[in-house]
Amino acid sequence: MATGNATFVLVPGYWLGAWAWDEVAADLRAAGHAVHAVTPAGQAERAVDTPPGADVETQIADLLALIEDRGLTGVVLVAHSGANMAVTGAADRAPDRIARVVYVDSGPMPSGLAGIDFRDPDSRAELEKAVAEHGDGWKIPVPAFDPQDDPVNLAGLTGERLTEMRERGTPQPFGTATQALTRPDPLPEVPRTLIASTIPLAAVREMGEGGHPVFSMMTGPGWTYHELPTGHWPMFSRPRELAALLAGSASGGAR
């Protein structure tokens with residue numbers, strides 16, 4: 001792994017807290033980097049101190065406050081999965097503090113689109129039903145994390161890890177999926193990296209160049225790319241390899 005003194009802020013996706021980054025953070029720290037693993041507002045241990053109605057703006061404000069309060073600059077800001085919204089919003093609003101944004105099996109959304117808009121109608125309806133029936137109308141329940149039902153996303157995870165995700169996961173504020181970002185125009189010129197796990201880079205580029213509204217945001221100048229073939233949670237299934245790619249991204253490396 002590349003050694004250095006980069007400053008990482010690691011943000012987990014839905015249902016998880018800072019604990020999800022434990023193995024990755026340990027490797028990065030061992031290589032000499034400063035690491036701040038974040039639990040977003042409304043998730044994990046912070047589920048109890050975040051009022052109903054938490055949304056994308058709540059998590060953006062929370063992330064910006066952390067960066068400012070700790071006096072962080074030159075930040076490599078890392079988003080896994082659904083953390084893409086808060087991370088993108090924070091990078092848009094404080095580009096002078098951000099050296100690079102890294103999206104782990106995720107990517108930025110265009111202005112005016114919410115995370116739920118990325119779902120097809122059937123998947124969206126299913127999610128809305130789960131929130132209404134099992135999430136008190138404002139929380140996304142923790143999934144079953146059943147590899148038989150979701151073999152692609154859950155690839156590479158042990159039974160012990162799946163049990164941990166079920167037991168330590170907490171319902172996700174639905175507002176983080178339904179609230180859209182309003183992004184500046186023009187967008188700040190912050191370098192960005194994609195680490196693709198479940199979608200091959202060739203498919204990302206093809207959809208982006210074909211004009212797909214989301215994947216078109218993930219191509220063009222300023223982007224670097226890596227593939228890390230595994231499931232959707234590489235911090236669990238391939239933590240050492242993910243840490244090495246993150247360390248490499250701090251210097252702009254790509255393959």
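Restricting attention to the range 125-176, the residues that are under 22 Å from Met109 (Cβ atoms) and among the hydroxyl-bearing types (Ser, Thr, Tyr) add up to 1. Checked against the criterion of being more than 25 Å from Gly135 (Cα to Cα) and surrounded by 17 or more Cβ atoms within 10 Å (Cβ to Cβ), the candidates Leu10, Leu16 yield just one match: Leu10. Annotation for the range 143-166: no member residue is touching a Gly at 6+ places or on another chain (Cβ under 7 Å), assigned to a loop (DSSP other than H, G, I, E, B) and over 30 Å from Trp223 (Cα atoms).
Taking first residues from the range 159-172 that are among the charged types (D, E, K, R) and partners that are at pLDDT below 95 and in a loop (DSSP other than H, G, I, E, B), no Cβ contact under 9 Å between residues at least 6 apart in sequence or on separate chains turns up.
Look at Asp92 and say whether it is over 18 Å from the mean Cα position of the chain (by Cα), in contact (Cβ under 8 Å) with a residue 40 or more places away in the chain and outside any loop (DSSP other than H, G, I, E, B). No: the conditions fail for Asp92. The listed residues are Gly74, Gly53, Gly82, and the only one of them that is touching a Gly at 6+ places or on another chain (Cβ under 7 Å) and within 24 Å of Leu194 (Cα to Cα) turns out to be Gly82. For the range 136-147, state whether one or more residues are of a type outside the set (Ser, Thr, Tyr), within 17 Å of the chain's Cα centre (by Cα) and under 30 Å from Thr224 (Cβ atoms). The answer is no; no qualifying residue exists.
Here is the figure for the range 199-233: residues that are buried (at least 18 other Cβ atoms within 10 Å of the Cβ), over 26 Å from Ser251 (Cβ atoms) and among the aliphatic types (A, V, I, L, M) total 0. Residues in the range 7-29 that are touching a Leu at 6+ places or on another chain (Cβ under 8 Å) and among the small types (Gly, Ala, Ser): Ala18, Ala25.
Tell me yes or no: at least one residue of the range 234-244 is within 14 Å of Val101 (Cα to Cα) and surrounded by fewer than 16 Cβ atoms within 10 Å (Cβ to Cβ).
no
Taken together, the residues in the range 166-198 that are surrounded by fewer than 20 Cβ atoms within 10 Å (Cβ to Cβ), in contact with a helix residue (DSSP H, G or I) (Cβ under 8 Å, 6 or more places away or on another chain) and under 23 Å from Pro229 (Cα atoms) amount to 0.
Taken over the range 179-225, the criterion of being in contact with a Pro (Cβ under 9 Å, 6 or more places away or on another chain) and on the phi > 0 side of the Ramachandran plot is satisfied by Gly222 alone.
Rundown of residues vs (1) acidic (Asp, Glu); (2) on the phi < 0 side of the Ramachandran plot; (3) touching a residue at least 12 places away in the same chain (Cβ under 8 Å), yes/no style:
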{"site": "Asp49", "(1), (2), (3)": "yes, yes, no"}
{"site": "Asp55", "(1), (2), (3)": "yes, yes, yes"}
{"site": "Leu63", "(1), (2), (3)": "no, yes, yes"}
{"site": "Asp69", "(1), (2), (3)": "yes, yes, no"}
{"site": "His80", "(1), (2), (3)": "no, yes, yes"}
{"site": "Gly115", "(1), (2), (3)": "no, yes, yes"}
{"site": "Pro121", "(1), (2), (3)": "no, yes, no"}
{"site": "Glu126", "(1), (2), (3)": "yes, yes, no"}
{"site": "Glu133", "(1), (2), (3)": "yes, yes, no"}
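Scanning the range 198-205 turns up at least one residue that is of a type in the set (D, E, K, R) and part of a helix (DSSP H, G or I).
With respect to (1) surrounded by fewer than 20 Cβ atoms within 10 Å (Cβ to Cβ); (2) of a type in the set (Gly, Ala, Ser); (3) farther than 20 Å from Phe174 by Cβ; (4) out of contact with any Leu (no Cβ under 7 Å at 6 or more places or on another chain), the lone exception for Ser111 is condition (4). Restricting attention to the range 95-132, the residues that are among the β-branched types (Val, Ile, Thr) and assigned to a helix (DSSP H, G or I) total 2. Taken together, the criteria place Glu45 among residues that are modelled with pLDDT of 95 or more, closer than 14 Å to Pro171 by Cβ and part of a helix (DSSP H, G or I).
The values are calculated or read from the model by the stated rules, or taken from the named source; none is laboratory data. The model shown is predicted, which means the values in this text are computed figures rather than measured ones. Every residue, glycine among them, receives a Cβ derived from its backbone with ideal geometry; neighbour counts consider all protein chains shown.
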